[in-house]
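J.: I'd like to ask some things about the structure below.
The values are calculated or read from the model by the stated rules, or taken from the named source; none is laboratory data. Keep in mind that what you see is a predicted model, and the values were worked out from it rather than measured. Positions of Cβ are generated from backbone atoms using ideal geometry, with glycine treated the same way; all protein chains shown enter the neighbour counts.
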Amino acid sequence: MKKTIITKSDKETFDFARDFSKNLGGGEVIFLEGDLGAGKTVFAKGLSEGLGYEKNVSSPTFVLMRVYEFEKNKKIKTICHVDAYRLGSEKELLDIGIKDYINEPKTVVIIEWSERIKKRIADKVIKIKISFKSETSREIELSGPS
């Protein structure tokens, strides 16, 4: 899968991510790349809502990883949301417990600042790069398994 779209607001980015979540079946790792303020957390929030998580999703910047468990979705029961900005290596990612969630069939892992992760850590990685086009618009490039 390779796809590029332009969104013109945070709401459009959120809505696109919510709709994109319908393509997920569990076991995926979503690599979110982009500059500070590009919309990675907005995307994560939309994706989470689309998967059925109804509570607030916030950036795991200072705690490194947040795990959201829920029952609404029949296929996916857990979202593991990681902020890799402060991680120096794949080993540190493993040290925070990511292995418990990678390749789990009822889990979707979202990793912000994934460009800091050099090794392939999962079977089903979807890379999403969000870039500034203007003050309000973003280019979202998706690549990975279809």
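J.: Taking the conditions exactly as written (in contact with a Ser or Thr (Cβ under 9 Å, 6 or more places away or on another chain), surrounded by 15 or more Cβ atoms within 10 Å (Cβ to Cβ) and either farther than 17 Å from A122 by Cα or not β-branched (V, I, T) (or both)), does F20 satisfy them or not?
T.: So F20 fails the test.
J.: Limited to region 90-144, what total is found for residues that are hydroxyl-bearing (S, T, Y) and under 23 Å from Y53 (Cα atoms)?
T.: 3
J.: Oh, and also: Would you check if K133 is at pLDDT 85 or above and more than 16 Å from the chain's Cα centre (by Cα)?
T.: It is true that K133 is at pLDDT 85 or above and more than 16 Å from the chain's Cα centre (by Cα).
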